[in-house]
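Visitor: Sending over a structure as structure tokens; questions will come in a sec.
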Amino acid sequence: MSASAICNCRCRGLAATIHPSYILAMFDFNPAADADKVTLYDDLLSAADALTAEETDTIANMANIAALIWQFLPDLNWAGFYRMVGEELVLGPFQGKTACIRIALGKGVCGAAAASGETQLVEDVHAFPGHIACDAASASEIVVPVTKDGRVVAVLDLDSPTPARFDAADKTGLEALVVRIGSRLA
Ligand code: SME
């Protein structure tokens, strides 16, 4: 990761720090505690773009994006990826408690997002037919498909213990995120 990647990161309210004496460069992103949702997603997107710009390894990029989301977005109990492997979703990098490993296409919220190619915004997971409860604490969920060349290659899944935690601003922000960096996740 080069210093220029860091200089190009124009994240408002963020500190991006490189330690030139180390062999490994390290980012230190600090989301503003009082930022509104739009600003938070702008900053998250800038940070995600800078972190993944020069890395081609899909798993490494997913791992860092999951960690960034966990750091930037409040009130989550799970954030991460499921990857399309053959005809099913398989657990990818995430933050939170251990989770279901394989999800069939069309099953649960993740399977619905992968099968339809559409974001699933679920205010009450208990009202979603076929919801898969990996963590009994989950109350609401949003799942955004990641596409490449017109096909779904993964889904980004966020869970919250708060009912109706996710709204249209989250949908817009997360969809913009996967559009910007989706090609680096596949
Ligand atoms: N709730 C998801 C399963 C994945 S976990 O939330 C991590 C679903 O219904 O597909």
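Just so it is clear, none of the values below were taken in a lab; they were calculated from the coordinates. All values reported here derive from a predicted model rather than from experimental measurement.
Visitor: Under the classification rounded if a/c is under 1.5, otherwise prolate if a/b is larger than b/c and oblate if not, where does the stretch 101-178 fall, given a ≥ b ≥ c as square roots of the Cα gyration tensor eigenvalues? Can you show the working numbers first?
Guide: Details: a/c = 2.11, a/b = 1.24, b/c = 1.70.
It is oblate, given that a/c is not under 1.5 and a/b is not larger than b/c.
Visitor: Report, by chain and number, residues whose modeled amide H sits under 5 Å from the one on G92, excluding near sequence neighbours (fewer than 5 apart, same chain).
Guide: F81, Y82, R83
Visitor: Determine the relative contact order of the stretch 3-185: mean sequence separation of Cα pairs under 8 Å and six or more apart, normalised by residue count, in whole percent.
Guide: 20
Visitor: Just report the Cα centroid separation between the stretch 33-72 and the stretch 145-186, whole Å.
Guide: 12
Visitor: Answer rounded, prolate or oblate for the chain, using the Cα gyration tensor with square roots of eigenvalues a ≥ b ≥ c: rounded when a/c is under 1.5, else prolate when a/b is larger than b/c, else oblate.
Guide: prolate
Visitor: Using modelled backbone amide H atoms (1.01 Å from N, in-plane), which distant-in-sequence or interchain residues come within less than 5 Å of V152's amide H?
Guide: Hits under the 5 Å cutoff: none.
Visitor: Using helices alone, what [θ] at 222 nm do you get for the chain, with -39,500 (n - 2.57) per DSSP H run of 4 or more residues, divided over all residues and rounded to the nearest 500?
Guide: Working: 5 runs with 59 residues, N = 186.
Rounded to the nearest 500, the figure is -10000 deg cm²/dmol.
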